[in-house]
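The values are calculated or read from the model by the stated rules, or taken from the named source; none is laboratory data. Since the model is a prediction, treat every value here as computed from it, not as a measurement. Every residue, glycine as well, gets a Cβ built from its backbone with ideal geometry; the counts of neighbours run over all protein chains shown.
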Amino acid sequence: MKKLVILIALFLGVAIIYPSSVNAQGCGGSGMKSSCSKSCKGEAKSCAPSSSSTTTGSIKGTMKVSGKCEMCKTRIEAAAKSVNGVMSAEWNQSTKILTYTSKVAIKKEDISKAMIKVGHDTEMGKATASTYSALPGCCKYR
């Protein structure tokens, strides 16, 4: 019985603390706009960062980009950085998500075109067969 009382008290403590900590961090913290368009009371997921949310004077974006290895990572990040205005780019090999930042608004289409040009498919289009076939063997993801 004593364990049950402690467990219930712990559960209630977490339930009371969690929503207030989400709101105190500006809709969950982690780079989200300080004024979300949706209420965050108890549902941090409703205020997930958009692909163009602003943090510290920069614009962040994400895009799914197909790839397989460290060579792909290097090629994808370099292609993203070649787009005018992109300051930084990081591709996560396991999630296949490219995260980029810029000082100005960048069209996702421009990032996608840069990926396709170097042989990597995106959520917006596919690389041509000839460009894809020119990739090294370890980079073939199809």
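Here are the numbers for the structure shown:
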| item | result |
| --- | --- |
| Set 107, 60: member being touching a strand residue (DSSP E or B) at 6+ places or on another chain (Cβ under 6 Å) and of a type in the set (D, E, K, R) | 60 |
| Flag for residue 86 being surrounded by 13 or more Cβ atoms within 10 Å (Cβ to Cβ), among the hydrophobic types (A, V, I, L, M, F, W, C), at pLDDT 95 or above and within 17 Å of the chain's Cα centre (by Cα) | yes |
